[in-house]
Amino acid sequence: MVRFIIRHPDARRAQDIADQLASMLSKALEGEAVRMIGPMPAGIIKVKNMFRFNLLLMGSVAGAIQRKVSPLMEEISRLGGQIHPDADPVSLV
């Protein structure tokens, strides 16, 4: 499982970035046995004046998601806001 946390001071912009990330990841993972959940507001939507959205990727093959997503990280970082990937997250809050 990989969790992406998208943070931005503007709620609408945070949602837009999360939607763009979801679209980009859908294309990259097409044909893979990966389930995408989200984007969705985080359990705690606002922390330190930053709105937060989550996007989860779940797959049955260990490392498959990371191999596909890793080459995209530079492009993902250009979407704006703060995007933090978390492989095998301990908590989903």
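Summed over the residues of the chain and divided among them, the accessible surface reaches 59 Å² per residue at a probe radius of 1.4 Å. A full extension of the chain between ARG35 and SER23 corresponds to an added length of 3.0 nm, given 0.36 nm per residue minus the alpha carbon distance.
The alpha-carbon of LYS27 sits under 20 angstrom from the alpha-carbons of these lysines, leaving out residues fewer than 8 places away in its chain: LYS68. GNM on the chain, alpha-carbon springs under 10 angstrom: the most fluctuating residue among GLN15, GLN82, GLN66 is GLN66.
Calculate what fraction, in whole %, of the accessible area of the chain sits on carbon and sulfur atoms when a 1.4 Å probe is rolled over the protein chains.
That fraction is 53 percent.
Length gained on full extension, ASP10 to GLU74, computed as 0.36 nm times the residue gap minus the Cα-Cα distance: 20.8 nm. ILE83 contributes about 30 Å² of solvent-accessible surface, heavy atoms of the protein only, 1.4 Å probe. Against the criterion of solvent-accessible heavy-atom surface with a 1.4 angstrom probe, GLU75, GLU30 sort, most first, into GLU30, GLU75.
Helix 11-28 axis versus longest C-alpha principal axis of the chain: approximately 10°, rounded to the nearest ten. Charged side chains reduced to their Cβ positions (Lys and Arg at +1, Asp and Glu at -1) give the chain a dipole of some 260 debye around its Cα centre. If you take all other residues with their beta carbon under 13 Å from the beta carbon of LEU79, and give Lys and Arg +1 and Asp and Glu -1, the sum is -1. Normalised by the number of residues in the chain, the average gap of Cα pairs under 8 Å and 6 or more apart makes the relative contact order 46 percent.
Match the structure shown to one of the listed values (1) 18.4; (2) 13.8; (3) 13.2 of Kirkwood radius over Cα pairs in Å, computed from it, and give that label. Derived directly from the coordinates: (3).
The values are calculated or read from the model by the stated rules, or taken from the named source; none is laboratory data. Since the structure is predicted, the reported quantities are computational estimates derived from the model, not experimental observations. Ideal geometry is used to build each Cβ from the backbone, glycine not excepted, and the neighbour counts take in all protein chains shown. For the accessible areas, the whole protein counts, side chains as well, though only heavy atoms, and no ligand, DNA or RNA atoms are used. Shrake-Rupley method; radii C 1.70, N 1.55, O 1.52, S 1.80 Å.
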